[in-house]
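In what follows, a single structure is set out as structure tokens and then discussed.
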Amino acid sequence: MKTKMLGLAAVSTMLTPIAAAAETEVQFWHAFTGRLGELVAAQVDAFNASQSDYTVVQSHKGNYSETLNAGIAAFRAQEQPHILMVFEVGTATMMAAQGAVRPVHEVMAESGATFDPDAYIGSVKGYYTTTDGDMLSLPFNSSTPVLWVNRDAFKAAGVDPDMDLSTWENVGTALDALKAGGEDCPLVTAWQSWIHLENFSAYHNVPFASQDNGFAGLDTELMLNGPAQVAHLSAMQDWAKDGKFIYTGRRNEGGANFRSGECALFTESSAGYAGIKAEAEFDFEVRPLPYWKAVADEPQNTIIGGASLWVMAGHEAEEYKGVGEFLAFLSSSDVQAQWHQDTGYLPITAAAGDATRAAGFYDENPGTDIAVIQMTAKQPTANSKGLRLGSFDQIRGIIDEELEAIWSGDKTAQAAMDSAKSRGDALLRRFESANR
Amino acid sequence: MEKRVLFKGWLLPLVLIAPQVLISAVFFFYPAAQAIWQSLFIPDPFGLSSKFVGLGNFEFLLSDPFYRASFVTTAVFSLLVTLCSMIPALFLAVIADRLIKGSGVYRTMLIWPYAVAPAVAGVLWLFMFNTRVGVISWYLGHLGYDWNHVLNGGEAMGLVVVASAWGRISYNFLFFFAALQSVPRSVIEAAAIDGAHFWRRFFGIVLPLITPTAFFLLVVNVVYAFFETFGVIHTITGGGPQQSTTILVYKVFSDGFVGQDLGSSSAQSVILLVVVGLLTVVQFKYVEKRVHY
């Protein structure tokens, strides 16, 4: 048996180069390593095995920023890949690069592959769709922030872990009780700007920036210094001062604190699921992201983070057919459902969510559907469709700096957000003048 | 009286300097010229279009109070890195110079940190001072000091200075050690016979004799602090908290390679080029006067 397998392997190795020569190659650059990298490779292999006309070649190009840079540098050298993974923050940069990218809806229409824009979940695809409803890039990995609860820490501090944590008012009460019960780290967060400003604004249906958060035009201005945002950050500042909210860094540093069991509450992406499940040696639970009852009667939807796949310009029509086939394959509900269950990322089509539910996955893994519900319970509004701001990576850096000034008590929430607005607006004007 | 060696003809000298000129042209003049040219435009990242703005990029930068503040940050950072890497290096070199046995081992051990890349050094120090699992922050916590470089700008600056200076101590040590070895023993011995104690001999004879080396190291270390430390800052603080560790070169990197703002990034490189140029002129004009060759 073993010899036969080896023989087969040898034959297939000899055949592959010949077969590959006849097939059209499609280059796919992505930013995934580790487990996620393996899962992407598996998707690509499955696609290559499923048909014989095209070969997708996947390569890892570093983290999100590095992958985007690699794609840009390659485009300048006219060696761009067909498909480039770009994180959500780079969306406006890619959109503005007309001539460098080809809209996905156009590629799909030309390739003749199955493509139904309505099959995709509105709040996921909305981020990557024009105001006219044309899909520009294919959502790939999307997640949304949720509240992670360390039930053991609640019990240790003498607080009921089943208490209602759906509002920040209640979370405030819980933080008081946790602190009084001797908990040293009641609350940590990851990705502070994404969760406590960008998602906060969408969730409370208040604008983060003018012009429909940048969807309606480049002449957008930040509106993150509104009363709702300032009230939230002021509350967070008070919690930080009393040692109820512990600041650990700009990225997801807080994850280590939570996974080690040190912290009671953690606001983090739903995609933190795999890591927390693997490492946490305590009883944990996922809850919806809290909202302020004083600001909104009920929460709107949250927005996504993650990346989408952009099709780059400058290739042969035949190759774009292959791109279309591959993107259609990725969107198929089996592939999506598997991806959703393996990674904790959201399914991009409603069908994939339904398939996951039907398979009993949510019953076996309670809380994994909270992110999906949070995203899909309401029809997105102009404030909760997503964000489309130029130079957004730098603006996030500015927001991080100003938030640090709040946590350390150097500035009031209002002063810090006013400063973030004026500094961010200067970058938005620059981006506008570069892309007019 | 300067010595001059005269070559006959011009072909040989030209051939002799050609490799250096060529390398400078390819790796310095050409990129510098490109940076100056690009600093006059706001290009889009993909190079599809480019808008001429004249000195607009410079105006945008210099009207930004946070960019101006980054000059002060850079000055403080460079001064501290230079001092923290030169003084301990000199001290260690003086001690090593007095060793009779085992100086080879001592020397080798001291040189090791130089082999560690800045970014890796950054990660090492970050681990030791990590607010949660760091060994040193844990001890500090026991002593009643709450170490938190994530929010405390002064502590963050201290940490990046130490991490940047650490590997540099080895490099400086090597040069100081070689310089000390070349100080004539007879002069020191004569002073000793005259009754000068160790520190008197050090400040009166040794230090003046090694000033050329010290001056060279000063220039090299300032350039190092300006240009090569962004790996450390990138791994430890990312320029934060707030902007307390955003030095000029880190901003060039983050605006250009993270923010895709190539116009502003080029303008910043040009400003940095001018600053370092001026600094070197000042060093050669004023500090060098105190150097005895």
Take B:PHE257 and decide whether it is modelled with pLDDT under 90, within 14 Å of chain A (Cβ to nearest Cβ) and surrounded by fewer than 19 Cβ atoms within 10 Å (Cβ to Cβ). yes
Subset of the range A:97-119 [modelled with pLDDT of 90 or more, part of a strand (DSSP E or B) and of a type outside the set (A, V, I, L, M, F, W, C)]: A:ARG102
Qualifying residue in the range B:251-265 (condition: within 18 Å of the chain's Cα centre (by Cα), in a helix (DSSP H, G or I) and in contact (Cβ under 8 Å) with a residue 40 or more places away in the chain): yes
Output yes when any residue across the range A:404-420 is assigned by TED's automatic domain parsing to the domain that holds A:LEU222 and at positive phi, and no when none is. yes
Index of the failed condition, A:THR144 passing every other in (1) under 30 Å from A:GLU183 (Cα atoms); (2) of a type in the set (Ser, Thr, Tyr); (3) in contact with a Pro (Cβ under 8 Å, 6 or more places away or on another chain): (3)
Across the range A:313-325, what is the number of residues that are buried (at least 23 other Cβ atoms within 10 Å of the Cβ) and not in a helix (DSSP H, G or I)? 0
I want to confirm something. Restricting to the range A:409-436 and keeping residues that are polar (S, T, N, Q) and free of Cβ contacts under 8 Å to residues at least 60 places away in the same chain, which single residue is nearest to the other protein chains (Cβ to nearest Cβ)? A:SER433
When every residue in the range B:146-182 that is within 21 Å of B:GLY204 (Cα to Cα) and surrounded by fewer than 17 Cβ atoms within 10 Å (Cβ to Cβ) is compared, the one nearest to the other protein chains (Cβ to nearest Cβ) is B:ALA178
Within the range B:57-78, restricting to residues that are part of a helix (DSSP H, G or I) and without any contact (Cβ under 8 Å) to a residue 40 or more places away in the chain, the one that is nearest to the chain's Cα centre (by Cα) is B:ALA75
Only one of A:ILE395, A:ILE406, A:ILE399 is farther than 30 Å from A:ALA96 by Cα, within 14 Å of chain B (Cβ to nearest Cβ) and surrounded by 22 or more Cβ atoms within 10 Å (Cβ to Cβ); which? A:ILE406
When the residues of the range A:230-269 are filtered to those that are over 22 Å from the mean Cα position of the chain (by Cα) and of a type in the set (Phe, Trp, Tyr), which remaining residue is farthest from the other protein chains (Cβ to nearest Cβ)? A:TRP239
Going through the range A:259-271 in order, the residues found to be assigned to a helix (DSSP H, G or I) and within 16 Å of A:PHE32 (Cβ to Cβ) are A:ALA271
Scope the range A:97-133; condition touching a helix residue (DSSP H, G or I) at 6+ places or on another chain (Cβ under 6 Å), among the polar types (S, T, N, Q) and within 29 Å of A:LYS378 (Cα to Cα); matching residues: A:THR114, A:SER123
Six or more apart or on different chains, Cβ atoms under 8 Å: show the pairs whose first residue is in the range A:280-307 and at positive phi and whose second is buried (at least 20 other Cβ atoms within 10 Å of the Cβ) and of a type in the set (S, T, N, Q). A:GLY306/A:ASN141; A:GLY306/A:SER142; A:GLY306/A:SER143
Test of understanding: among A:ALA240, A:ALA296, A:ALA328, which residue is assigned by TED's automatic domain parsing to the domain that holds A:GLU402 and part of a helix (DSSP H, G or I)? A:ALA240
For the range B:109-196, which helices (runs of 4 or more DSSP H) that fit wholly inside it have 2 or more residues that are at negative phi and aromatic (Phe, Trp, Tyr)? B:118-129, B:135-142, B:153-181
Which of (1) in contact with a Ser or Thr (Cβ under 7 Å, 6 or more places away or on another chain); (2) within 14 Å of chain A (Cβ to nearest Cβ) does B:PRO65 not meet, given it meets every other one? (1)
How many of the residues making up the range B:233-250 are farther than 30 Å from B:PHE41 by Cα and in a helix (DSSP H, G or I)? 2
Out of all the residues in the range A:78-112, which are within 10 Å of another protein chain (Cβ to nearest Cβ) and either free of Cβ contacts under 8 Å to residues at least 60 places away in the same chain or under 19 Å from A:GLY322 (Cβ atoms) (or both)? A:GLN80, A:ALA97, A:GLN98, A:VAL101
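The values are calculated or read from the model by the stated rules, or taken from the named source; none is laboratory data. Every value quoted in this text rests on a predicted model; they were computed, and no experiment measured them. For neighbour counting, all protein chains shown are included, and Cβ atoms are generated from backbone atoms with ideal geometry for every residue, glycine included.
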